[in-house]
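Written out below as structure tokens is the structure these notes cover.
The values are calculated or read from the model by the stated rules, or taken from the named source; none is laboratory data. Everything quoted here is computed from the prediction, not taken from an experiment. Neighbour counts run over all protein chains shown; Cβ positions are idealised from the backbone, glycine included. In case anyone asks, the SASA skips ligands and DNA or RNA and just uses the protein heavy atoms, side chains included. Shrake-Rupley method; radii C 1.70, N 1.55, O 1.52, S 1.80 Å.
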Amino acid sequence: MGTTGQIRAKAPGKLYIAGEYAVTDAGSPAILAAVDRYVTVTVGPASQAGHGTITAVRSVTAHDPAVHDDGRTASHLEWTRDGAGRPQAGQEPGFFDFAFSALCQADRYARTVWTGASRPTHPPLFDLRISSGLAAPDGTKYGLGSSAAVCVAVVRAVLAFWSSMVGQEDVSQAERSRDSRLLVFKLAAIAHLSIQGNGSLGDVAASSFGGWLLYHSFDRTWLRRRLAMVDGGTADGGMAGEERIDGDGGRRGTSFRDLIDSDWPALGLEPLDVDTSVRLIVGWSGRPASTQKLVARAARPMDPEDYRRFVIGSAECVAGLAGAMRRGDHDDIRAGIARDRGLLRGLARLRDVPIETDQLTAGVEAALGVGLAAKTSGAGLGDCLIALGDARMPIDEAGLSRLWRGKGITVLPVRIAPPRQSGHRPDQLAGAAAGPDRAADDSVDTGAPDPAVVSKRRKLAHLRLADLQNQERSRDEEGSPRLTQIRSGFAHVRLERPTLPQTRVAESDIGTVFLGHHVSAPFFIEAMTGGTPSATRLNEQLARVADLHGIAVAFGSASLVAKDPSALDGFVQARALTHGPVLANVNPSTPLPVVRRLVDALRPAALQVHVNAVQELVMGEGDRDFRWLDDLIRLRDGIDVPVIVKEVGFGWDVRSLRLLIDNGFDLVDIGGMGGTDFALIENARRRRGRRGTSFQAGKPDDARDGGDAGDGRTGMPDVVIPEDAAMDEDYSWLADCGVSTVRSLLNARQAGGSGGLRVIASGGVRTPLDVLKSLVLGAKAVGVAGRFLTPLLHGGEERLDRLISVWEDQLAGLYALYGITTTAQAPSIPYRIIDEDRLV
């Protein structure tokens, strides 16, 4: 065995700066600060034979959130191990619920992972001693997230103790090099969620990472489901020789360790490089508040549209505030804090949750009166308020303290806790939503960016930005200043509806033949992403839903396989989950041997080859050679499946369509304006303003990874406020540099004559009526991406399944309404184009 002495670990408290409540929605962001008041845990070998203990020293009291609201207390908790070696409490944990839960999760991981010649014959018993600096002398909690800090400190201590027991020689290189902050966060999050049952786990993230943090909450429903499956699969959910299960119930290779190692959907953990001029001042109301109860109250049903506006508004506010804090722009910081406060007060009115009490309002107004930005922090109804000032300017902290004292508010002398250090760079993050250019799927930057890493980061950025812009478009189709000029054109198409259609909905058959395969509906799931572990999960979900409904599905760009051959495995995994037609997707310069491998592995009904000149031009690392026709011919002639030439959001002109026809191409995917706008997506990435970092243009086949999100991947240019230098490179004026979906369909009719082109419509298809209009205008099938992406990211497969079922029913109703019974009859519906001169 290794060292048998005592080990000490600690975890800081936290404060929310912005994003409260909205952050409970998976993928939604918040800014937090870890503060230099700590929970400290000391661990050592059990002092008594047969059992270990958890002991709380005097400063941990019944007022601490590690204690349940019924005030149960105990001087210590005894625990032992059952026959399988799992920790077992000698009595109800009560006071020690969070601590014991954290002990169990950390111990479970240690027993699963740390095996070797010197592993103890019997798992060790040990004593934990916990002290807290997150409460007042009388035991009243400050509201600094002590339950989270308890979980983090216990996990950190137990892992360190186990590591000392087994010896470094038996800890694998992978374990030694992993980001310990991320491991601790995941274990502590599981422990905390199992006790509290709700919340975003942002406090756990801040305690795990320290410093300033931009946090995106993960999908807790997914985690609960995976945990239930892991726990149901084996006695210990991760020991050697177990039968392991995958995240959706199939018998495949997911254990507790795999769950910890996997990317958690929507999780983002980005240390925030806040300018040194930002000064944080904290006031404490003297009143404790229950986050658990307030979050539960705020979760009560309300108007979905109102709530969506709140969540999206919060995301935009947090993004802008994060940029302002990086730059030290205190005018924008004040504006951002004020906007966040306004959003929270609006939520309080909508849900009757008293977030800002009279006392807190008075404290905020006092801080505003001396020129500071100020708001409540966290759930509200008590606890803390924060004020942000410019340290380069005089700040009358003594005067503020006097004002606050007069209102019963105490200044807490806290500073920002230093960020945790580990073997990984700070940008080694987790999940598809880890930040527009960062993810744990990627290797760590060590100088010039690797092309495969750049491609993976871009794909992850596309998903998040697409989701945000799609939410904005859904929220405010007519009023969004960034999107009003970008129209698919479907509003210009008027179908002539018979007053006496002489049809029945029950007779409607919305099925059709797509690329030689019978499908249950004329619409399909368009290309969204591919080539990363996060993308594999998403494509697997899409494939299962497509299989359930008997419709086609397109996978996103597989061009990354040329740089990373292992990326093919993810596409193969997803392909195995559907019996229906699948479309593969590459860029024109993908090497032919790679494309042949892809076709052999996926057996696609066709290969989409995406062309994306506008995206490449805006993309910092994009291609500048748009001579793609020879590449298209090379790929078409080199494989034995049909080739679909696909735009990714900027549509088709007549001249280019005729060029395709003249060179023997007969399949085109419109990808018109009105859905995903990659000028906005790439502009958002380009303007991200990361200090000291720029992507240089690579080889032509290094950059062409557009087409990942089909027609519905969209981007918001203000996801992060850019640096001034990046603003000089703004390309948002290219957002309307294309052809709308409807104009592209009309152009295809003009270019192709009768039967010259088989056309797939995509780009801003948001309703079943848009599907029908596309069919009337000559489309053989209709691709949908963005309208399906957001429900999947925020509601999982069940929500997407439900949406597609609704579309199927509504489309059947539309067939009957317009006097047809089959998809083939759709082109017979009379139509007219209104305001055609305004059709882009």
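Listing for the model above:
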| read-out | value |
| --- | --- |
| Among the residues listed as ASP437, ASP427, the single one being open to solvent by 10 Å² or more (accessible area, probe 1.4 Å), assigned to a loop (DSSP other than H, G, I, E, B) and at pLDDT below 90 | ASP427 |
| Some residue of the stretch 523-537 being of a type in the set (Gly, Ala, Ser) and open to solvent by 20 Å² or more (accessible area, probe 1.4 Å) | no |
| Tally, over the stretch 369-392, of residues that are at pLDDT 90 or above and over 16 Å from VAL282 (Cβ atoms) | 4 |
| Residues within the stretch 539-558 that are open to solvent by less than 10 Å² (accessible area, probe 1.4 Å) and in a helix (DSSP H, G or I), tallied | 5 |
| Evaluation of SER75 against (1) at pLDDT below 80; (2) open to solvent by less than 50 Å² (accessible area, probe 1.4 Å) (one fails), failing number | (2) |
| Criterion violated by PRO827 - all others in (1) closer than 25 Å to ARG658 by Cβ; (2) open to solvent by less than 20 Å² (accessible area, probe 1.4 Å); (3) at pLDDT 90 or above satisfied | (2) |
| Those residues of the stretch 23-42 which are at pLDDT below 90 and not in a loop (DSSP other than H, G, I, E, B), in sequence order | THR24 |
| Given (1) outside any strand (DSSP E or B); (2) touching a residue at least 24 places away in the same chain (Cβ under 8 Å), number of the condition GLN608 does not satisfy | (1) |
| Residue match in the stretch 567-581 (condition: touching a residue at least 24 places away in the same chain (Cβ under 8 Å), open to solvent by less than 30 Å² (accessible area, probe 1.4 Å), touching a Lys or Arg at 6+ places or on another chain (Cβ under 9 Å) and in a loop (DSSP other than H, G, I, E, B)) | yes |
| Single residue of THR578, THR590 found to be touching a Ser or Thr at 6+ places or on another chain (Cβ under 8 Å) and of a type in the set (Ser, Thr, Tyr) | THR590 |
| Test for ARG308: is it surrounded by fewer than 22 Cβ atoms within 10 Å (Cβ to Cβ), at pLDDT 90 or above, under 25 Å from the mean Cα position of the chain (by Cα) and in a helix (DSSP H, G or I) | no |
| Index of the failed condition, VAL561 passing every other in (1) aliphatic (A, V, I, L, M); (2) open to solvent by less than 10 Å² (accessible area, probe 1.4 Å); (3) out of contact with any Asp or Glu (no Cβ under 7 Å at 6 or more places or on another chain); (4) not in a helix (DSSP H, G or I) | (4) |
| Single residue of the stretch 344-389 satisfying the filter (among the charged types (D, E, K, R) and more than 32 Å from the chain's Cα centre (by Cα)) that is most open to solvent (accessible area, probe 1.4 Å) | ASP358 |
| Residue that is farthest from GLY763 (Cα to Cα), among those in the stretch 611-643 that are under 29 Å from the mean Cα position of the chain (by Cα) and without any contact (Cβ under 8 Å) to a residue 40 or more places away in the chain | ALA613 |
| Any hit, the stretch 816-832, residues being under 16 Å from HIS492 (Cα atoms) and in contact with a helix residue (DSSP H, G or I) (Cβ under 6 Å, 6 or more places away or on another chain) | yes |
| Qualifying residue in the stretch 199-210 (condition: within 20 Å of GLY795 (Cα to Cα), modelled with pLDDT of 90 or more, open to solvent by less than 30 Å² (accessible area, probe 1.4 Å) and in contact with a His (Cβ under 7 Å, 6 or more places away or on another chain)) | yes |
| Residue within the stretch 794-802 that is within 19 Å of GLY511 (Cβ to Cβ) and either open to solvent by 10 Å² or more (accessible area, probe 1.4 Å) or modelled with pLDDT under 95 (or both) present | yes |
| Selected residue [on the phi > 0 side of the Ramachandran plot, open to solvent by less than 30 Å² (accessible area, probe 1.4 Å) and modelled with pLDDT of 65 or more] from ALA189, ALA266 | ALA266 |
| Filtered residues of the stretch 330-374 (kept if touching a residue at least 60 places away in the same chain (Cβ under 8 Å) and not aliphatic (A, V, I, L, M)) | HIS330, ASP332, GLY336, ASP340, THR357, GLN359, GLY363 |
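Yes/no matrix, rows are residues, columns are (1) closer than 26 Å to LYS646 by Cα; (2) open to solvent by 60 Å² or more (accessible area, probe 1.4 Å); (3) part of a helix (DSSP H, G or I); (4) modelled with pLDDT of 95 or more:
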| residue | (1), (2), (3), (4) |
| --- | --- |
| LEU745 | yes, no, yes, yes |
| ALA751 | yes, no, yes, no |
| GLY755 | yes, yes, no, no |
| SER774 | yes, no, yes, yes |
| ALA779 | yes, no, no, yes |
| ARG787 | yes, yes, yes, no |
| LEU814 | no, no, yes, yes |
| GLY819 | no, no, no, yes |
